[in-house]
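The values are calculated or read from the model by the stated rules, or taken from the named source; none is laboratory data. Predicted model only: the values in this text are computed from it and were never measured. Here the Cβ is made from the backbone with ideal geometry for all residues, glycine too, and neighbour counts use every protein chain on show. Each accessible area value is taken on the protein alone, full model and side chains, heavy atoms only, with ligands, DNA and RNA left out. Shrake-Rupley method; radii C 1.70, N 1.55, O 1.52, S 1.80 Å.
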Amino acid sequence: MKLFMEHGKIYVTGLGPGAAEQMTFQAGNVLEKCSVIIGYTVYIDLIREAYPDKVFLSTPMRREAERCRMAFEEAAKGKNVAMVCSGDAGIYGMAGLIYEIGRDYPEVGIEVVPGITAASGGAAVLGAPLMHDFAVISLSDLLTPWETIERRLRAAAEADFVICLYNPSSKKRADYLRRACALILQYRSGKTVCGTVRNIGREGESCRILSLEELMDTPVDMFTTVYIGNSNTMELRGRMVTPRGYRDV
């Protein structure tokens, strides 16, 4: 007779940009073996049909902490739990918060399962914009003050990084991309090659290559990832390409 309960484990799992074929084999195996899958409602809807025998639990946006505690409570019952998020779980995903809340549940194991983040998924659609040093910056100020975001934009622009922007706009932040472009234009030419990709790996995927001046007045949303080239980024064969620096090509 067992005098204690074996605890389950939480697998913080990145689903990739959205398409099933862009999920890693490791992530797929985790979803197969876990009896409970937890996530933001939109991400749960992407995979629900593929795993009809699973227990699905979800919460709306901005209830991430509640979602994490649900995962630990299920794992404490002895269940293996997949905490899913889009892209990579460790890049603007749920991995960090799981570890923070996990301090209250030391008996529950945690494993992070990586995935394809929007930066790399969108880069493949555009061509090769991230071939050299780059910075990924979110324009969402829900968790980061705009003053901090602005300071990071200035630093990346001045250092001539390729810049990849997550969360470039929303209904409440309709002018944030324009503000970011105006700031970057202090350090970059208006002709700088840029790109946008919307719905990466999902139905309705689309992309566009344009100049920094044009990007400034381009409507985008939360499903769009934005790429701002460095001083060497160019358009080749209709694609956005940042040279790696090989001199003998």
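Hand me the tally of lysine pairs in the chain: alpha carbons under 12 angstrom apart, and the pair either on different chains or 8 or more positions apart. The number of close lysine pairs in the chain is 6. Rounded to whole numbers, the Karplus 3J(HN,Hα) couplings from phi for the stretch 151-166 are 5, 5, 4, 4, 5, 5, 5, 5, 7, 6, 6, 5, 10, 10, 9, 9 Hz, using 6.51 cos²θ - 1.76 cosθ + 1.60 with θ = phi - 60°, and x at Gly and Pro.
Report the per residue volume, in Å³, of the convex hull enclosing the C-alpha atoms of the stretch 113-249. It would help to have the intermediate numbers written out before the result.
On the way: hull volume 16.9 nm³, N = 137.
Spread over its residues, the Cα hull of the stretch 113-249 gives 124 Å³ apiece.
Largest GNM mean-square fluctuation among Leu165, Leu142, Leu210, using the chain with Cα springs under 10 Å: Leu142. Average accessible surface for the chain: 53 Å² per residue, computed with a 1.4 Å probe over protein heavy atoms with every protein chain in place.
What the phi angles of the stretch 22-29 give under the Karplus curve with 6.51, -1.76 and 1.60, with θ = phi - 60°, is a coupling list of 9, 7, 6, 4, 4, 4, x, 5 Hz, glycine and proline written as x. Per residue, the convex hull spanned by the Cα atoms of the stretch 93-157 amounts to 128 cubic angstrom.
Remark: the chain projects, on average over all directions, an area of 15.8 nm² (convex hull of Cα atoms). Values of log10 I(q)/I(0) for the stretch 1-80 across q = 0.14, 0.17, 0.22 Å⁻¹ run -0.48, -0.69, -1.09, by the Debye formula with one identical scatterer at each alpha carbon and no solvent.
If the Kirkwood radius is taken over C-alpha pairs of the stretch 158-224, then at 20 °C and 1.002 mPa s the Stokes-Einstein diffusion coefficient equals 172 µm²/s.
How do 179-190, 51-62 rank on mean C-beta neighbours within 10 Å, highest first?
Working: 179-190: 16.7, 51-62: 13.1.
Most protected by this proxy first, the peptides run 179-190, 51-62.
Can you check what the net charge comes to around Arg173, using other residues whose Cβ is under 12 Å from the Cβ of Arg173 (Lys, Arg +1; Asp, Glu -1)?
Result for the neighbourhood of Arg173: +1.
Working value for the stretch 20-137: equivalent-ellipsoid semi-axes of 26, 17, 13 Å, each the square root of 5 times a Cα gyration tensor eigenvalue, largest first.
Leaving ligands, DNA and RNA out of it, report the carbon-plus-sulfur percent of the accessible area of the chain at a 1.4 Å probe.
Looking at the chain in its full context, I get 51 percent from C and S.
Mean separation of Cα pairs under 8 Å and 6 or more residues apart, divided by the residue count, gives the chain a relative contact order of 20 percent. Secondary-structure-derived ellipticity at 222 nm for the chain, considering helices only, amounts to -8000 deg cm²/dmol, per-run term -39500 (n - 2.57) for DSSP H runs with n ≥ 4.
If both residues of a DSSP beta bridge must be in the chain, then about 40% of such bridges are antiparallel.
When you filter the trypsin sites (Lys or Arg not before Pro) in the stretch 99-164 for DSSP loop state and at most 16 other Cβ atoms inside 10 Å of their Cβ, nothing is left. Inter-part distance, the stretch 18-96 to the stretch 184-249, computed on C-alpha centroids, equals 31 Å.
Normalised size of the stretch 37-81, defined as Cα radius of gyration per 2.2 N^0.38 Å with N residues, equals 1.13.
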